[in-house]
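Asks: Here you go, one structure.
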Amino acid sequence: MTANSERPTANGKVFLVGAGPGDPNLLTLRAAELIASADVVATDALVAPEIIARIPKSAEVIYVGKRSGAHSVSQDQTNRLLIEKAKQGKRVVRLKGGDPFVFGRGGEEAEELAAASIEFEIVPGISSAIAGPAYAGIPVTHRAHATSVTLVTGHECDETTGIDWQALAHLSGTIVFLMGVANLPMIVRKLREHGAPASRPIALISKATTAQQHTVTGTLENIAQRATGIATPALIVVGGVVQLHEAINWFESKPLFGKRIVVTRAREQASELKRLLEEAGAEVVQFPTIEIAPPASFESLDRVIGAIGDYQWLIFTSSNGVDSFFARLRHHGKDSRCLAGVMIAAVGESTASDLRGRGIEPDLLPEKFQSTALLPLLDEDQKGIRTAVVRAAKGSDELIDELRRRGSEVDLAIAYETRRVATSAADLHDIDIVTFTSGSTVDNFFEVLPDKTIIDRAMLASIGPTTSDAIRRHGRKPDVEAENATIAALVAAILRACDVRT
């Protein structure tokens, strides 16, 4: 059976999928779809961890990765594995870094599958040969510098291969060597021996398209000295287009590039913070110290919902409280219409935004992300006023106590709880900034931190006053505090602080 055959078969199917060059955001939609539906995934070593995390827990994961000088599984074994799994009726994804047909041995695997009458599909990926230079601000073609590009495998550039060095040395276009760092001295020597001028521009791009990317430029004459110790994997670009790196170096010029920033927020809530930090160039270390969970009992929240029309004020102290409250409202067959006539207060702009998303404009929103910041905005005489406070199981009682002192009847509605997450501290090295979005993230972070000296030189960034107070309780002063309690404001504050420091 060929790749295009539509004849039904008892066999499964193999998808030769390109995972892209390193940046997980460059994964294609088709690749993501196939990974999510795979029974078996045979993956290379260079596939990004974020892409590996997309593999369903039900799938069998087999590492067949290859790095220079270290092959965990031979190519023949990989070929047999794909065929065997497909014959078991499995949906098999062969996940390859870059593009499967650009020095990825995808062609060899496709030949073997065709010979074994296994149905297969090719899913191209973005090759590092194109994306790596692009992330280094080096277009592989440019009307003023190069009208052609030649791709060469670098790790086979030895004396025994059939590479036409004479032709390469006299090309006027761009040459990209993949996986060639170990052979850099020989590549330079061969090009010069065959007539390439010593002044020809050349660049090495290490860990291309990732937060660890590092670009070194020079000429054939001096690049070996300049690139000493450069990390692998790396690719080599030769040609006049290299001169554009300085002018178009967009990726390594991002404001937070080179910064390792810890995000302590619950993983399910960290996506926006992670995205904004990564867009600014940071390497994000996800270190969730808490998870958001339902409360041990919904009794107090249900009681408030059941008597919602009897309250004059309903106070939400967090977005989590909003989410849980409205989920429980739906559980009881109710919606926001039951809040008619009830005044709504929100603590924090994010909380207010979540309420607006449900069609509710808060009547009261303090400037500070602090529940006690509501107190100056509420009447001193609270007699005859009934208030419900929707929050986590653990939290400050200052607001509740003061409202009761003023004469209000206050009910606490426990909508959720935060639980500590068991997290390995192995990734907590070379940290530049640690972000905190609540007091509980602070407390749990310091409890699991094996050695406080790990963050001695790190900036501590807080989303608001309550979180800052928690940092102080642990003997540190927050270096950054957001102007208002939103993720965007927290990132903006970090950017300002980093700009001042530089």
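The values are calculated or read from the model by the stated rules, or taken from the named source; none is laboratory data. All figures in this text were calculated on a predicted structure; none of them were measured in a lab. FYI the Cβ positions are ideal-geometry reconstructions off the backbone, even for glycines, and counts take in every protein chain you see. Side chains are part of the model used for accessible areas, which takes the heavy atoms of the whole protein and leaves out ligands, DNA and RNA. Shrake-Rupley method; radii C 1.70, N 1.55, O 1.52, S 1.80 Å.
Asks: Among 180, 74, 376, whose Cα sits farthest toward the positive end of the charge dipole of the chain (+1 at Cβ of Lys/Arg, -1 at Cβ of Asp/Glu, about the Cα centre)?
Replies: Selected residue: 74.
Asks: A follow-up question, please. Scale the Cα Rg of the chain by the rule-of-thumb value 2.2 N^0.38 Å and send over the ratio, two decimals. Intermediate values should be presented prior to the final figure.
Replies: Numbers: Rg = 28.8 Å, N = 502, 2.2 N^0.38 = 23.4 Å.
Compared with the compact-globule rule of thumb, the chain sits at 1.23.
Asks: Restricting the count to DSSP beta bridges whose residues both fall in segment 195-333, what percent are antiparallel, rounded to a multiple of 5?
Replies: Numbers: 11 of 15 bridges.
Just about 75 percent of them are antiparallel.
Asks: Also, quick follow-up: Only Lys, Arg, Asp and Glu count, each charged at its Cβ (+1, +1, -1, -1), so figure out the dipole size of the chain about its Cα centre, rounded to 20 debye.
Replies: Details: 54 positive and 62 negative charges, 85 e Å.
Magnitude of the dipole: close to 400 debye.
Asks: Projected area of segment 379-502, taken from the Cα convex hull and averaged over every viewing direction, in nm²? Spell out each step's value before the answer.
Replies: Values: hull surface 38.1 nm².
Computing the convex hull of the Cα atoms and averaging its projections yields 9.5 nm².
Asks: Taking H as built 1.01 Å from N, whose amide H comes closer than 5 Å to the amide H of residue 484, not counting residues under 5 places away?
Replies: Under 5 Å from the amide H of residue 484: no residue qualifies.
Asks: Which of the aspartates and glutamates could be linked to residue 85 by a straight reach, that is with a Cα gap under 16 Å, when you skip same-chain ones fewer than 8 residues away?
Replies: List returned: 39, 60, 76, 109, 112, 119, 121.
Asks: Mind running the shape call on segment 38-140? Use the C-alpha gyration tensor, a ≥ b ≥ c as the square roots of the eigenvalues: rounded below 1.5 for a/c, prolate if a/b tops b/c, oblate otherwise.
Replies: On the way: a/c = 1.85, a/b = 1.54, b/c = 1.20.
Since a/c reaches 1.5 and a/b is larger than b/c, the shape of segment 38-140 is classed as prolate.
Asks: Where Rh denotes the Kirkwood radius from the mean inverse Cα pair distance, what is Rg over Rh for segment 210-339?
Replies: Values: Rg = 26.0 Å, Rh = 19.9 Å.
The Rg/Rh ratio comes out at 1.31.
Asks: Run the dipole for segment 363-502 about the Cα centre, Lys and Arg Cβ at +1, Asp and Glu Cβ at -1, nothing else charged, and hand back the magnitude in debye, nearest 20.
Replies: With only Lys, Arg, Asp and Glu charged at Cβ, the dipole is about 200 debye.
Asks: Just read off the accessible area of residue 405 with the full protein assembly in place, 1.4 Å probe, to the nearest 10 Å².
Replies: 150
Asks: Mind putting a number on the dipole of segment 125-200 about its Cα centre? Charges go on the C-beta only, +1 for Lys and Arg and -1 for Asp and Glu, and I need it in Debye to the nearest 20. It would help to have the intermediate numbers written out before the result.
Replies: Values: 5 positive and 5 negative charges, 67 e Å.
For this selection, approximately 320 debye.
Asks: Tell me the carbon and sulfur percent of the accessible area for the chain, rounded to whole percent, probe radius 1.4 Å.
Replies: Values: 11340 of 23360 Å².
Carbon with sulfur: 49 percent of the solvent-accessible area.
Asks: Considering only protein heavy atoms, what per residue accessible area in square angstrom results for the chain with a 1.4 angstrom probe? Could the numbers behind the result be given before it?
Replies: Working: 23360 Å² over 502 residues.
Roughly 47 Å² per residue, with all protein chains present.
Asks: With each label point set 7 Å from Cα along the Cα-Cβ vector, what nm distance links residue 404 and residue 419?
Replies: 2.9
Asks: Take the alpha-carbon positions of segment 124-253, form their convex hull, and give its projected area averaged over all directions (one quarter of the hull surface) in nm². It would help to have the intermediate numbers written out before the result.
Replies: On the way: hull surface 30.7 nm².
In nm², the orientation-averaged hull projection of segment 124-253 is 7.7.
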